[in-house]
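Read through the structure below, which is laid out as structure tokens, and then see the notes.
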Amino acid sequence: MTDTLVIVGDDGILARQASEIARLLGQPFSLCDEVPREAQRIFVAVDDVDAREAIIASLPQARLANLIHPRAWTSPDAELGKNVMVGANAIIGMNATVGDGVVANALSSIEHDNVIGAHTFLGTGAILCGNVITGERVFIGGGATVKPGTSIGARTTLGTGAVLVKDADPDSVYVGNPARRLG
Ligand SMILES: CC(C)(COP(=O)(O)OP(=O)(O)OC[C@H]1O[C@@H](n2cnc3c(N)ncnc32)[C@H](O)[C@@H]1OP(=O)(O)O)[C@@H](O)C(=O)NCCC(=O)NCCS
């Protein structure tokens, strides 16, 4: 019998997406707003990234699950951390390395040889071409595209539809095509 997965989340979008993926996978699950002491397997789907990161860090890796949509494609040689969510028709390419807590929304692409820092978020349809490296907690807006071989510093945001063609600094916001630093 498959163990019940506990999805820890509020009423937010991540918890709803996680529940839908679990349902499609035929994975029995329950929703809970606090970490249960006894559950074997947990997926943390709290929207707030600070809270989510803290909960993930507090749990042994063995208790954390990944949720990969049945219509996503993940290369067999990609390395995924824990508590990773991959949405419908998203791609994790060959030899990609994906950190703990990464969320790759529907139709997004983490292409070959990417190294994606923990707790990075890819909006719907975002494309990271090959050999892209991101720091931790990067936020890639929906439909943004990142040129092959580009690096993005930790905690940086790319706006919706941005086209990043040069390395991006940490703790910054970039928008437009070609993407420019805001502020
Ligand atoms: C980049 C972003 C974070 C900036 O938010 P913000 O700090 O509140 O910025 P503002 O809305 O005040 O806009 C500041 C300026 O940047 C411009 N701007 C904002 N977002 C932009 C974008 N995506 N592309 C181009 N220009 C943008 C605004 O037009 C404004 O320009 P102005 O000063 O000339 O009027 C936000 O606009 C964004 O794109 N978020 C991503 C959302 C997303 O894709 N989520 C994923 C869903 S799956």
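The values are calculated or read from the model by the stated rules, or taken from the named source; none is laboratory data. For clarity, every value in this text was computed on a predicted model and none was experimentally measured. Neighbour counts are summed over all protein chains in view; Cβ atoms, including those assigned to glycine, are modelled from backbone coordinates with ideal geometry.
Scan Thr160, Thr134, Thr97 and give me the residue that is surrounded by 18 or more Cβ atoms within 10 Å (Cβ to Cβ), hydroxyl-bearing (Ser, Thr, Tyr) and either more than 21 Å from Ala15 (Cα to Cα) or out of contact with any Gly (no Cβ under 7 Å at 6 or more places or on another chain) (or both).
Thr134
At pLDDT 95 or above, assigned to a strand (DSSP E or B) and either outside the structural domain of Arg181 (by TED's automatic domain parsing) or within 24 Å of Val163 (Cα to Cα) (or both): does that describe Ile56?
So Ile56 fails the test.
Only one of (1) in contact with an Asp or Glu (Cβ under 7 Å, 6 or more places away or on another chain); (2) more than 18 Å from Ala22 (Cβ to Cβ) is not met by Glu38, so which one is it?
(1)
Within the stretch 148-155, is there a residue that is closer than 25 Å to Phe43 by Cβ, within 14 Å of the ligand (Cβ to nearest atom) and touching an Asp or Glu at 6+ places or on another chain (Cβ under 8 Å)?
yes
Suppose we filter Gly142, Gly183, Gly161 for residues that are modelled with pLDDT under 95 and either within 13 Å of the ligand (Cβ to nearest atom) or assigned to a strand (DSSP E or B) (or both); which single one remains?
The unique qualifying residue is Gly183.
Name, by its number, the condition in (1) without any contact (Cβ under 8 Å) to a residue 40 or more places away in the chain; (2) in contact with a helix residue (DSSP H, G or I) (Cβ under 7 Å, 6 or more places away or on another chain); (3) not basic (Lys, Arg) that does not hold for Asp100.
It fails just one condition, (1).
Which residues, taken from the stretch 117-139, are more than 8 Å from the ligand (Cβ to nearest atom) and in contact with a helix residue (DSSP H, G or I) (Cβ under 8 Å, 6 or more places away or on another chain)?
Ala118, His119, Arg137, listed by residue number.
Is it the case, given these coordinates, that Pro170 is part of a loop (DSSP other than H, G, I, E, B), more than 14 Å from the ligand (Cβ to nearest atom) and over 14 Å from the mean Cα position of the chain (by Cα)?
Yes: the conditions hold for Pro170.
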